[in-house]
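Notes to accompany the following structure.
The values are calculated or read from the model by the stated rules, or taken from the named source; none is laboratory data. Because the structure is predicted, anything quoted here is derived from the model rather than measured. When we count neighbours, we look across all protein chains shown, and the Cβ atoms used for this are built from the backbone with ideal geometry, even at glycine.
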Amino acid sequence: MQVTKRNGELEELNIDNIHRMLENCKREDLGRELDVSVSDTAINAHIKLADGMSTSNIQQTLIKSAAEHINVKTPDYSIFAGRLLVTEMRKEVYGSFEPISFLEYIKLNIESGLYDPAILERYTENDINFLGAQIDYNNDFSRPYSSIVQMDSKYLIKDSKTNRRLEMPQETFMLIGMVIFADEDSPMSWILNLYEALRDDKISLPTPIISGVRTKMKMFSSCCKIKMGDHTESILASEYALSLMTARRAGIGVDMGPVRGMLAPVKNNTVKHTGALPILKAIESTSKQFTQNSLRTGATVVNYPVFNWEIMDILEYKNNQGSNTNRARFIDYSIGLPNLFIKRVLSKSTFTLFSSEEVPDLFDSYGDDEKFTEAYERYEADPKIRKRTLDANTIFNKLVKERVGTGRIYIHFVDNVNKQGMFDEPITQTNLCSEIFLPTRPMTFEGLNRTKYDSIDDYDLDDGMISLCILGCVNFGKLDKIEELDRYTRLMVRFLDNLIEVQEYPMDATEWPTKGYRFLGIGISDFAHFLAKNEAKLGSEKAKILTHRWAERFQFGLIKASVDLAAERGACEYSNRSAYSRGIMPVDTYNKNVDQITPNNLECDWEGLSAVAKMYGIRNMTLSAIPPTASSSLVSNSTQGIDPIQSTTDTYEASNFTVKSVVPDAHKEEYYMKAWDMPDNTSSEYLKLIAILQKFIDQGISTNQWYDLTKLPNKILDSNRVKRDIITAYKYGLKSLYYIRSKDKENISETILEEACEGGACEI
C-alpha cells in the first residue's frame, strides 16, 4: 500500500512509523503516560486505510480511531486523540513538530493579513521573546480531544482560501492578553496572569473574544439589546441596527413591546396597523441574511409583555402548525410577566390586553410594579380604551403549551428583574439567552451615525440606546480554594473593562452608551463539576451552603474590583444612575424568599464595600450574568454553565463536527445530579439552587427546565408540572427561564446540540 506525502510524492506505507507516532503520543514526557492501547488504535484505523491516502488523511483516521474509544471507563483516549490532533496541527502551522519562535509566528500571521500589525508596534522584540519563553507548549498535550477539536474548528483562524491552519491554542491565549493589556503601565504581569488563567482553564472567554482579539475584527460583545419604538423611523432604524450587529456576531434581543397592535389606527385613523407579524417576518429575514463566521445565520429573540394586544397570536408564531406565511419560526420569543399577571393567575382572575398607542404611560411604567399596577387598573376600568379581557389562566396555559411544544418560548419576570436590579431606569427586555438585563431606549436614525458625536458628554441617549454586554466566566470547578475567586474576579473585571476601549462600534447608539455604562456580564461555569468535586450533590444542604458561600465571594470580588478600578481610572460616566454608587448592593435587594432555602449567613464585608462604593462610584454598571457555555466549556474541559450534566459521557454536535467528551472527575459520578434524575422529575430543587446564585448576581441567569419524559405517562409533559416550576422560579426571585429540556429515550448517550447563542451569537 502506498501513501501520498505532503510534497505529493508516493511512498510505501510504513506501519512501524504509525506505531512509533502513536507511542510518542502516549509517552510520559508530554505530561503523563496514558492508559491506552496503541495496538487497538492502529488495528481499528488500519481497516479504514486505502491505497494512495495522504499522510494527513492517515493521521485523521488515527485520530478518529482513538476518539471512538472515548468513554467514562477509558478517559485517557480523550487525551490520546487530542495529542494526535495537536501533532497534526503543529506540522501544518509550524511546518514541523517543533514550534517556531513566537516572534516569527506573529510576523508570519501579520504578513498573511491575519493579525493586526499594531501588535509589533506595541511591543519590542525583547518583550515578545520574553513572553514566548513563558508559553507552555506542552499544555496542548494535556488537553482532551473535545477541547482541541473545539479550538481547531471554531476559535483558531485558518486561511480563508486554502483552509490551512495558521494558529495554535497557546500562542492564541498569550496574544489575547497582549492586545487587551497593551496600554497598562505594567502589562507583562497582567498578560501572564491572563495567559495562565486560560492555560489552566480557570476562566472561559466567548467566541467573539477568542476568535477576534489579535485580528482586524474588533467587535467582541456577545449580547446586543435593541428597543423598537412605536413609529416608522424607529422600526426601520431598529431593523438596520439589527443587521449591523448580526453581521458582527452578536446575539440580538429586540423589545417590540411599545409597537401598537393589529388594527390600531395609524395616520390619524386613515389606515389600520398590520400588526406584529410583518415586522417579525422582516426581523426573521434579517437574522437569516447574515451569517456568523460563515457557519450559521444570526440569532434573535423578540420581547413582548404579556399584556400586549396580540399576545395570543404571538405565542403561536414559533410553533410548527400553519404555513411559513403566518409564522415566524426562525426567531425566538421572550414574554415578560409582571407581578400583576402572576397574581391574577394565582387568584384565577381575568387579565386585560392593550395596544400601546391607547395606553402610553402603561408601557412607560412597565418595570415599576407600583406605577404599572396603578396605570393598568385605571385603564382596565376605562370604557373608552380599546382592550381585550381574558381569563389569566387562559393566557398562562397558552404560554406554557407553546413553551412545552417548542422548548423556546422564554419567560422573564419583569418585576423580579427591576426590584433585584441595580438600575434607576426600568428594564423591560432580555437578550437571546435570557441572562442579560440592561436598559435600552428606542432607536432613531440619529443613533445610527458613527461620526456625529465626539464624546459621551455630547451624546443624547434619546437618539437611541443599544446595550452591549461583554461576557466571560470563572470556572468554579477548576478552583481548589474559595480565595482563588479574589484573583480571577479582579483579572476578569480589568480585562473586560479594557476590552470596551479596544473594540470598535458600528454606530453612535452602541459606542457612547457602552462607554458610559461599561456593562460586564461575568458568569459562573463548571458549576455541576464544582458541586461533584466538593461532594455536594444538588439538593443537599451542603450544596446550598457551598453555593451561597462561593456566590457571595464571587460577586463581592467583582464589585470590589470595579470599585477599585473606579478609584484608579474614574467611575463610569453614568455611575450616578446605579444603586451601586449609593452603596446599595445585591445583598440589599434580593428576594427574601431565598432565606427559606438557606440562611442569610454573609461572610464578606459588605458594609465596608458599600462605603468605598459611595466614595469612588463604580467603574461598571453591571458586573455579573450567567450565560450558557456549551461552546467554551468544551475548550476548558468543564461542565456547561450552571446546567446539570446529562450524562457522564456526552456527544456534542456543532455545525461542523461531532465529538464525545467525558465530564471532569467522572470517578465522582455519585455526586453528580443528572438532569434526568431530578427529584420528583421536576426542576424545583434545581431552581432553588439557582435562586441562591441569583441572590448575588446583578443581572440574570440563563436557566433551563429539565424533564425526563420516559418517566411520565405516554411520555407527555403535563402543563401543571411545568407551571409549578415556573411559579417556583418566580417565587424565589429568578429573573428568567430559558429553554425547556426534555429526554424521551432510554439508555442513550445524551447529545448536546449547539445552541443559537453558542454559535457565535451571544455565545460564550
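Take the conditions assigned to a loop (DSSP other than H, G, I, E, B), more than 30 Å from Lys715 (Cα to Cα), polar (S, T, N, Q) and in contact (Cβ under 8 Å) with a residue 24 or more places away in the chain and apply them to Thr622. Does it pass? Lay out the reasoning, then the answer.
On the way: assigned to a loop (DSSP other than H, G, I, E, B): yes; more than 30 Å from Lys715 (Cα to Cα): yes; polar (S, T, N, Q): yes; in contact (Cβ under 8 Å) with a residue 24 or more places away in the chain: yes.
For Thr622, the condition - assigned to a loop (DSSP other than H, G, I, E, B), more than 30 Å from Lys715 (Cα to Cα), polar (S, T, N, Q) and in contact (Cβ under 8 Å) with a residue 24 or more places away in the chain - is met.
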Any idea which residue in the stretch 669-680 is farthest from the chain's Cα centre (by Cα), counting only those that are assigned to a helix (DSSP H, G or I) and buried (at least 17 other Cβ atoms within 10 Å of the Cβ)?
Tyr671
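Output the residues belonging to the stretch 222-240 that are of a type outside the set (A, V, I, L, M) and in contact with a helix residue (DSSP H, G or I) (Cβ under 7 Å, 6 or more places away or on another chain). Spell out the reasoning first.
As a first pass, look at the stretch 222-240 and keep what is of a type outside the set (A, V, I, L, M): 222-225, 227, 229-234, 238-240.
If the condition is that a residue be of a type outside the set (A, V, I, L, M) and in contact with a helix residue (DSSP H, G or I) (Cβ under 7 Å, 6 or more places away or on another chain), then Ser222, Cys224, Asp230, Glu239, Tyr240 are the ones that fit.
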Does Met217 count as surrounded by fewer than 19 Cβ atoms within 10 Å (Cβ to Cβ), among the hydrophobic types (A, V, I, L, M, F, W, C) and free of Cβ contacts under 8 Å to residues at least 60 places away in the same chain?
yes
Would you check if Arg378 is touching a Leu at 6+ places or on another chain (Cβ under 7 Å), basic (Lys, Arg) and surrounded by fewer than 17 Cβ atoms within 10 Å (Cβ to Cβ)?
no
Here the qualifying pairs (Cβ atoms under 7 Å; residues six or more apart or on different chains; first in the stretch 371-382 and more than 12 Å from Phe354 (Cα to Cα); second aromatic (Phe, Trp, Tyr)) come out as Phe372/Tyr366
For the stretch 220-252, which positions are surrounded by fewer than 24 Cβ atoms within 10 Å (Cβ to Cβ) and more than 20 Å from Phe519 (Cβ to Cβ)?
Gly229, Asp230, His231, Thr232, Glu233, Ser234, Ile235, Leu236, Glu239, Tyr240, Ser243, Ala247
Is it the case that some residue within the stretch 265-275 is surrounded by fewer than 20 Cβ atoms within 10 Å (Cβ to Cβ), free of Cβ contacts under 8 Å to residues at least 40 places away in the same chain, under 20 Å from the mean Cα position of the chain (by Cα) and not in a helix (DSSP H, G or I)?
no
Considering residues of the stretch 156-169 that are surrounded by 22 or more Cβ atoms within 10 Å (Cβ to Cβ) and of a type outside the set (A, V, I, L, M) only, the residue farthest from the chain's Cα centre (by Cα)
Glu167
It is to be established whether one or more residues within the stretch 14-23 are surrounded by fewer than 20 Cβ atoms within 10 Å (Cβ to Cβ), without any contact (Cβ under 8 Å) to a residue 40 or more places away in the chain and touching a Phe, Trp or Tyr at 6+ places or on another chain (Cβ under 9 Å).
no
Do we have any residue at all in the stretch 387-407 that's touching a Pro at 6+ places or on another chain (Cβ under 9 Å), in contact (Cβ under 8 Å) with a residue 60 or more places away in the chain and either on the phi > 0 side of the Ramachandran plot or not in a strand (DSSP E or B) (or both)?
no
Tally of residues being among the charged types (D, E, K, R), closer than 19 Å to Pro628 by Cα and part of a helix (DSSP H, G or I) across the stretch 681-727:
1
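Within the stretch 476-498, can one find any residue that is under 15 Å from Thr440 (Cα atoms) and either buried (at least 19 other Cβ atoms within 10 Å of the Cβ) or in contact (Cβ under 8 Å) with a residue 60 or more places away in the chain (or both)?
Quick first cut of the stretch 476-498, residues under 15 Å from Thr440 (Cα atoms) only: none.
Looking through the stretch 476-498, none of the residues is under 15 Å from Thr440 (Cα atoms) and either buried (at least 19 other Cβ atoms within 10 Å of the Cβ) or in contact (Cβ under 8 Å) with a residue 60 or more places away in the chain (or both).
Would you check if there is a residue in the stretch 166-175 being at pLDDT 95 or above and under 30 Å from Gly447 (Cβ atoms)? Please lay out each step first, then the result.
Quick first cut of the stretch 166-175, residues at pLDDT 95 or above only: 166-175.
Narrowing the set further to residues that are under 30 Å from Gly447 (Cβ atoms) leaves none.
No, the conditions are met nowhere in the stretch 166-175.
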When the residues of the stretch 575-611 are filtered to those that are over 27 Å from the mean Cα position of the chain (by Cα) and of a type in the set (Lys, Arg), which remaining residue is modelled with the lowest pLDDT?
Arg582
Inside the stretch 312-351, the number of residues satisfying the requirement of being surrounded by fewer than 19 Cβ atoms within 10 Å (Cβ to Cβ) and part of a strand (DSSP E or B) is 1
Which residues, counting only those in the stretch 103-123, are outside any helix (DSSP H, G or I) and under 15 Å from Met174 (Cα atoms)?
Tyr115, Asp116, Tyr123
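Taking Asp255 as the residue in question, decide whether it is more than 18 Å from Ser631 (Cα to Cα), touching a residue at least 12 places away in the same chain (Cβ under 8 Å), in contact with a Lys or Arg (Cβ under 8 Å, 6 or more places away or on another chain) and buried (at least 23 other Cβ atoms within 10 Å of the Cβ).
When the stated conditions are applied, Asp255 passes them.
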Looking at Ile748, Ile726, Ile764 in this structure, which one is of a type outside the set (Asp, Glu) and modelled with pLDDT of 90 or more?
Ile726
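Just to check your reading of the model, which residue among Lys715, Lys731, Lys711 is among the basic types (Lys, Arg), modelled with pLDDT of 95 or more, farther than 28 Å from Thr246 by Cβ and more than 18 Å from the chain's Cα centre (by Cα)?
Numbers: Lys715 fails: modelled with pLDDT of 95 or more; Lys711 fails: modelled with pLDDT of 95 or more.
Every option except Lys731 fails the conditions.
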Quick test for you: out of Thr74, Thr61, pick the one residue that is among the polar types (S, T, N, Q), more than 21 Å from Leu198 (Cα to Cα) and in contact with a helix residue (DSSP H, G or I) (Cβ under 7 Å, 6 or more places away or on another chain).
Thr61
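In the stretch 77-100, how many are out of contact with any helix residue (DSSP H, G or I) (no Cβ under 6 Å at 6 or more places or on another chain) and under 30 Å from Thr124 (Cβ atoms)? Don't jump to the end; show me each part of the working.
Our first condition is that a residue be out of contact with any helix residue (DSSP H, G or I) (no Cβ under 6 Å at 6 or more places or on another chain); within the stretch 77-100, this holds for 79, 87, 89-96, 98.
Still in the running and under 30 Å from Thr124 (Cβ atoms): 89-90, 92-96, 98.
Count: 8.
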Only one of Phe80, Phe102 is surrounded by 15 or more Cβ atoms within 10 Å (Cβ to Cβ), touching a Gly at 6+ places or on another chain (Cβ under 7 Å) and not aliphatic (A, V, I, L, M), namely Phe102
Being touching a helix residue (DSSP H, G or I) at 6+ places or on another chain (Cβ under 8 Å), of a type in the set (Gly, Ala, Ser), surrounded by fewer than 19 Cβ atoms within 10 Å (Cβ to Cβ) and at negative phi narrows it down to one residue among Ala613, Ala567, Ala579; which is it?
Ala567
Can you name the condition, by its number, that Ile584 falls short on among (1) assigned to a loop (DSSP other than H, G, I, E, B); (2) within 29 Å of Ser632 (Cα to Cα); (3) of a type in the set (A, V, I, L, M)?
(2)
Run down Asp462, Asp454 and say which single residue is touching a strand residue (DSSP E or B) at 6+ places or on another chain (Cβ under 7 Å), surrounded by fewer than 22 Cβ atoms within 10 Å (Cβ to Cβ) and without any contact (Cβ under 8 Å) to a residue 24 or more places away in the chain.
Asp462
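Could you tell me whether any residue of the stretch 660-672 is out of contact with any Cys (no Cβ under 7 Å at 6 or more places or on another chain) and closer than 20 Å to Ala551 by Cβ? Spell out how you get there, then give the answer.
To start, the set of residues in the stretch 660-672 that are out of contact with any Cys (no Cβ under 7 Å at 6 or more places or on another chain) comprises 660-672.
From the residues that got through so far, the ones that are closer than 20 Å to Ala551 by Cβ too are 671-672.
Scanning the stretch 660-672 turns up at least one residue that is out of contact with any Cys (no Cβ under 7 Å at 6 or more places or on another chain) and closer than 20 Å to Ala551 by Cβ.
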